[in-house]
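A short worksheet on the structure shown next.
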Amino acid sequence: MFDVNESLKNWLKKFEEFKLIDYNKLPDIELYMDQILTLIQRQLGIFTYSSFDKLLTSSMVNNYVKGNVIPAPISKKYNREHLALLEEVCTLKQVLSIAEIKQIIDSTYNNGNNSDVFTAFQTKFDKANNEAINIAKDKLNDIDSNNTNTLNELALELSLIANAYISIAKRILYYTKHYENILNEDEEHKDKKKKKDE
């Protein structure tokens, strides 16, 4: 008979063992679109529910390029920088809009050291996952096997916690974007005044 608690514990164990590939271990050869899609799907498969779920499609990648979320491919080929960015986008798009993800990427990938930026992302990713996994495992230990009412209450509780964190993250991004817009307007105003005075 199917045991929900046991299945959840098994999945949590796999999730606990899951790690993003280190930047320097990402393929150092350029890949075509279908290879990128296969690699990302295989790497981030832990986030899917069935083999029909697609974390990334060629249309999505093309939209990310058009929206300047990731750089354009070179001769239709993608490199490890593209892979790292796509892993971040696929991870974050569960909770943030593409515009919000672009805002984060623009502010973190501006110094040219992509390896360090992706490593910092991995560290934050691992820490957040470990905290969430430990909370879920502790709470599961207190729930009788297949007690769907209590499990649904746990899902609700975790969803509300996630929603609170998402709301805070989105508000931070909104305020920082607003502040940057004010700075840009002030700079434009100063430039116009300077030209007018000349």
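Some observations on this one:
- Taking all protein chains as they are arranged and a probe of 1.4 Å, the heavy atoms of Asp191 leave approximately 80 Å² accessible to solvent.
- In region 1-105, chymotrypsin sites (Phe, Trp or Tyr not before Pro) in a DSSP loop with at most 16 other beta-carbon atoms within 10 Å: Phe2, Phe18, Tyr32, Tyr49, Phe52
- Dipole magnitude of region 9-76 about its Cα centre (Cβ charges: Lys, Arg +1; Asp, Glu -1), debye to nearest 20: 200
- For region 54-121, the dipole from Cβ point charges (+1 on Lys and Arg, -1 on Asp and Glu) about the Cα centre works out to 360 debye, to the nearest 20.
- Here Lys19 is the anchor, and the aspartates and glutamates within straight C-alpha reach of less than 13 Å, apart from those fewer than 8 places off in the same chain, are Glu87, Glu88, Asp126.
- Kirkwood Rh, angstrom, the chain [1 / mean 1/r, Cα pairs]: 19.6
- Partner lysines whose Cα lies under 19 Å from the Cα of Lys177, excluding those fewer than 8 positions away in the same chain, are identified as Lys93, Lys102.
- Charge dipole magnitude, Cβ of K and R +1, D and E -1 - the chain, Cα centre, debye nearest 20: 560
- Surface/4 of the Cα convex hull for region 90-155, nm²: 5.8
- Mean-position separation - Cα centroids, region 46-89 and region 119-198, in angstrom: 21
- Positive-end extreme of charge dipole, region 57-198 - chosen from Ala136, Ile98, Gly67 (charges on Cβ): Gly67
- Straight Cα distances below 20 angstrom link Lys77 to the lysines Lys25, Lys66, with same-chain residues fewer than 8 positions distant left out.
The values are calculated or read from the model by the stated rules, or taken from the named source; none is laboratory data. This one's a predicted model, so the numbers in the text were calculated from it and none came from an experiment. FYI the Cβ positions are ideal-geometry reconstructions off the backbone, even for glycines, and counts take in every protein chain you see. When the accessible area is computed, the model is the full protein with side chains, heavy atoms only, and any ligands, DNA or RNA have been set aside. Shrake-Rupley method; radii C 1.70, N 1.55, O 1.52, S 1.80 Å.
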